[in-house]
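First up is the structure itself, then whatever we jot down about it.
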Amino acid sequence: ADMTTRQLRGRLIAKLSFNPAHPRQSVPHSLLADESLMAGLSGAKRAAARQAAAAYAELPIHMVRMPRPTIREIRSYARRQANRFKRQGTPMKLVVVDYLDKVKGSTTEGDRRLQIGVICNQLKDLSEELSCTVLLLVQINRSAEHNPGGKPAEHNLKESGDIEQAADWIFLVWRPGRR
């Protein structure tokens, strides 16, 4: 939600450039976001970036930035992409919605809590319709800081009731020591 497609692509290419045998030759993602910064890369890092960019180009990934999309727009886009992947002989396996608060609800559903319930249920239906995983990123509320060790729990999800009800799996990302 906070990165441009170019920035996200740069981060993916930087990850693909990582070589555990030569970690110093890995390309920092901050240098991939701007062509002028790439000019300062050493020969080894430039070669690693080219190789990673070629590997990225081969991946069946398609990203689009949709500011404040409706669930209808997300569903329509996902269906088009699923058909495109199917024509290419590759089934679509993952749709990522980044993130729930950016999805615009319908004005006919009343308050935001009801809208979130509808959005979550429609994304679950989309997952079943396309036979792929839908990954919905959700913000954790600040009360997680008061949990033992600052470790988040399901009840710390913003609007957690409707999300928990619709989700098959909930993964809570947490870094120890980070508050």
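The values are calculated or read from the model by the stated rules, or taken from the named source; none is laboratory data. As the structure is a prediction and not an experimental result, all values here were calculated from the model. No Cβ is skipped: glycine too gets one built from the backbone with ideal geometry, and neighbour counts run over all protein chains shown. SASA here: full protein model, heavy atoms, side chains in, ligands and nucleic acids out. Shrake-Rupley method; radii C 1.70, N 1.55, O 1.52, S 1.80 Å.
Charges at C-beta only: +1 for Lys and Arg, -1 for Asp and Glu. How large is the resulting dipole of the chain about its Cα centre, in Debye rounded to 20?
Numbers: 29 positive and 18 negative charges, 156 e Å.
Rounded to the nearest 20 debye, it is 740 debye.
Counting only residues 5 or more places away or on other chains, whose amide H sits under 5 Å from the amide H of VAL97 once H atoms are built in the peptide plane?
Long-range HN contacts for VAL97: LEU135, LEU136, LEU137.
Each residue of segment 128-145 in turn: what ³J(HN,Hα) in whole Hz from Karplus with 6.51, -1.76, 1.60 and θ = phi - 60°, glycine and Pro shown as x?
Calculated HN-Hα couplings, in order: 5, 4, 8, 6, 9, 7, 10, 9, 10, 8, 9, 7, 8, 6, 5, 5, 4, 4 Hz.
Per residue Cα convex hull volume for the chain, in cubic angstrom? Intermediate results must be reported in sequence, preceding the final value.
Values: hull volume 27.8 nm³, N = 179.
Dividing the Cα hull volume of the chain by its residues yields 155 Å³.
State which entries of LYS15/LYS93; LYS104/LYS151; LYS45/LYS102 exceed 31 angstrom in Cα-Cα distance in the structure shown. Kindly include the intermediate steps, with their values, before the conclusion.
Working: LYS15/LYS93 21 Å; LYS104/LYS151 29 Å; LYS45/LYS102 36 Å.
Beyond 31 Å: LYS45/LYS102.
Taking the solvent-accessible surface of protein heavy atoms with a 1.4 Å probe, what is the per residue accessible area of segment 57-96 in Å²? Let's see the in-between values first.
On the way: 3010 Å² over 40 residues.
With the other protein chains kept in place, segment 57-96 gives 75 Å² per residue.
Going from the alpha-carbon gyration tensor of segment 57-139, what semi-axes, largest first and in whole Å, does one get by taking the root of 5 times each eigenvalue?
Working: eigenvalues 122, 32, 23 Å².
Working from the Cα gyration tensor, I get semi-axes of 25, 13, 11 Å.
So what are the ³J(HN,Hα) numbers for segment 62-76, from phi and the Karplus equation (6.51, -1.76, 1.60; θ = phi - 60°), rounded to whole Hz, Gly and Pro as x?
These are the phi-based 3J(HN,Hα) values: 9, 10, 9, 9, 10, x, 6, x, 8, 5, 4, 5, 5, 4, 4 Hz.
Let me check against my output: what whole-number percent is the relative contact order of segment 44-179, with C-alpha pairs under 8 Å and at least 6 apart? Show your work: numbers first, answer last.
Working: 126 pairs, mean separation 28.5, N = 136.
So the answer I get is 21 percent.
Could you tell me which residue out of PHE171, PHE18, VAL97 lies farthest along the dipole of the chain toward its positive end? Charges go on the beta carbon: Lys and Arg +1, Asp and Glu -1, centred on the Cα centre.
About the Cα centre, the residue reaching furthest to the positive side is PHE18.
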